[in-house]
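Chemist: The structure under discussion is supplied below as structure tokens; questions concerning it will follow.
The values are calculated or read from the model by the stated rules, or taken from the named source; none is laboratory data. Values in this document were obtained by computation on a predicted structure and should not be read as measured data. Please note: Cβ atoms are built from the backbone with ideal geometry, for glycine as well, and neighbour counts cover all protein chains shown. Remember, those area values only see protein heavy atoms, side chains included, never the ligands or the DNA or RNA. Shrake-Rupley method; radii C 1.70, N 1.55, O 1.52, S 1.80 Å.
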Amino acid sequence: MGFASSLRSVRAKVRRSFAHRGLWGTLAYVPEFARYLVRRLDPQRRRWEADALRVQQQFDRDYQVDTAGITQLSDLAVVGQHRDLGHYYHGTDPQVFQRQMEQLPIDHAQYSFIDYGSGKGKAMLLASLWPFQAVWGVEFAQALHAVALRNIASFRHPGQRCRHLQSVHQDATQFVLPHTPCVAYFYNPFSEVVLAAILQHIQASLAAQPRDLWVCYTHPYAHGPLDQAPFLRLVQAHAHYRIYRAV
């Protein structure tokens with residue numbers, strides 16, 4: 001990520017912060033924004049990001065999809081009122097994803113997988129390598145949703161075990177949870193405000209129809225709403241992810 005794109009990313013962060021923290025709350029985060037910019041410009045980090053991009057591009061070539069790279073939301077049309085509370089798109093790392101799936105003690109065939117803030121559908125494609133009953137993705141940016149639909153149609157992997165994949169163009173706070181046991185997946189897609197609203201919907205759905213639910217949160221930058229949710233119990237905390245289960 002170059003200097004110009006790093007500045008755009010910082011501007012997006014400031015905009016999101018102002019939307020849910022206000023002026024004074026955002027000013028308190030100025031040092032954090034500065035540290036973020038320094039990290040983004042660090043040569044070692046940029047080399048790591050270049051290596052990661054090459055791995056993502058190889059995945060795309062191998063399986064005839066388009067999931068690599070970073071897409072900022074600033075220029076994309078979205079549905080709902082949460083543009084400034086969404087984060088940029090960056091595809092899920094397959095190894096981190098696999099480690100989480102391996103640690104879920106479930107019969108996948110009985111569960112639906114939901115990726116909240118699914119972007120181009122990378123996590124959906126990875127989830128389809130497991131025998132889930134169904135795989136759902138919820139994305140509020142039309143352009144990313146359109147790419148996800150193309151990826152679902154073109155994905156070719158000999159290990160694919162779930163063929164029921166559906167990407168929904170919708171504000172994630174409005175998504176209706178399937179009436180099956182569920183695995184809810186988040187790759188740090190939006191701010192704590194949106195995450196808290198989604199958790200309220202999930203809690204209400206489980207209260208109306210009790211069933212098992214697991215939450216996998218990758219890149220756990222803003223996990224406060226999950227830790228504070230009264231219906232969730234932290235099962236595992238890892239540097240790259242956190243796993244919760246409904247109680």
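Chemist: Show me the helices (runs of 4 or more DSSP H) found entirely inside segment 1-97 where at least 3 residues are at pLDDT below 70 and more than 30 Å from SER128 (Cβ to Cβ). Give the steps one after another, and end with the answer.
Modeler: On the way: elements: 3-28, 30-41, 43-63.
Where helices (runs of 4 or more DSSP H) fall fully within segment 1-97 and carry at least 3 residues being at pLDDT below 70 and more than 30 Å from SER128 (Cβ to Cβ), they are 3-28, 30-41.
Chemist: Among the candidates SER205, SER167, single out the residue that is surrounded by 15 or more Cβ atoms within 10 Å (Cβ to Cβ) and either in a loop (DSSP other than H, G, I, E, B) or without any contact (Cβ under 8 Å) to a residue 40 or more places away in the chain (or both).
Modeler: It is SER205.
Chemist: Can you tell me which residue in segment 141-163 is most open to solvent (accessible area, probe 1.4 Å), limited to those that are of a type in the set (S, T, N, Q) and under 16 Å from ALA68 (Cα atoms)?
Modeler: So the residue we want is SER154.
Chemist: ASN188 versus (1) touching a strand residue (DSSP E or B) at 6+ places or on another chain (Cβ under 6 Å); (2) of a type in the set (S, T, N, Q); (3) under 30 Å from PHE18 (Cα atoms): which is the lone unmet condition?
Modeler: Condition not satisfied by ASN188: (1).
Chemist: Considering each residue of segment 106-135, count those that are buried (at least 24 other Cβ atoms within 10 Å of the Cβ) and aliphatic (A, V, I, L, M), and give that number.
Modeler: The qualifying residues number 7.
Chemist: VAL138 passes all but one of (1) assigned to a loop (DSSP other than H, G, I, E, B); (2) modelled with pLDDT of 85 or more; (3) in contact with a Gly (Cβ under 8 Å, 6 or more places away or on another chain); (4) open to solvent by less than 20 Å² (accessible area, probe 1.4 Å); which number fails?
Modeler: So the condition that VAL138 fails would be (1).
Chemist: Only one residue in VAL247, VAL194, VAL168, VAL176 is touching a strand residue (DSSP E or B) at 6+ places or on another chain (Cβ under 9 Å) and under 22 Å from GLN133 (Cβ atoms). Which one?
Modeler: VAL168
Chemist: When segment 213-243 is examined, which residues are found to be open to solvent by 30 Å² or more (accessible area, probe 1.4 Å) and not in a strand (DSSP E or B)?
Modeler: HIS219, TYR221, HIS223, ASP227, GLN228, PRO230, HIS238, ALA239, HIS240, listed by residue number.
Chemist: Okay, moving on. Farther than 24 Å from ARG61 by Cα, more than 16 Å from the chain's Cα centre (by Cα) and not hydrophobic (A, V, I, L, M, F, W, C): which single residue out of GLN160, GLN170, GLN209 fits that description?
Modeler: GLN209
Chemist: Condition check: within 15 Å of GLY69 (Cα to Cα) and open to solvent by 50 Å² or more (accessible area, probe 1.4 Å). Does ASP93 satisfy that?
Modeler: Details: within 15 Å of GLY69 (Cα to Cα): yes; open to solvent by 50 Å² or more (accessible area, probe 1.4 Å): yes.
So ASP93 fits the description; yes.
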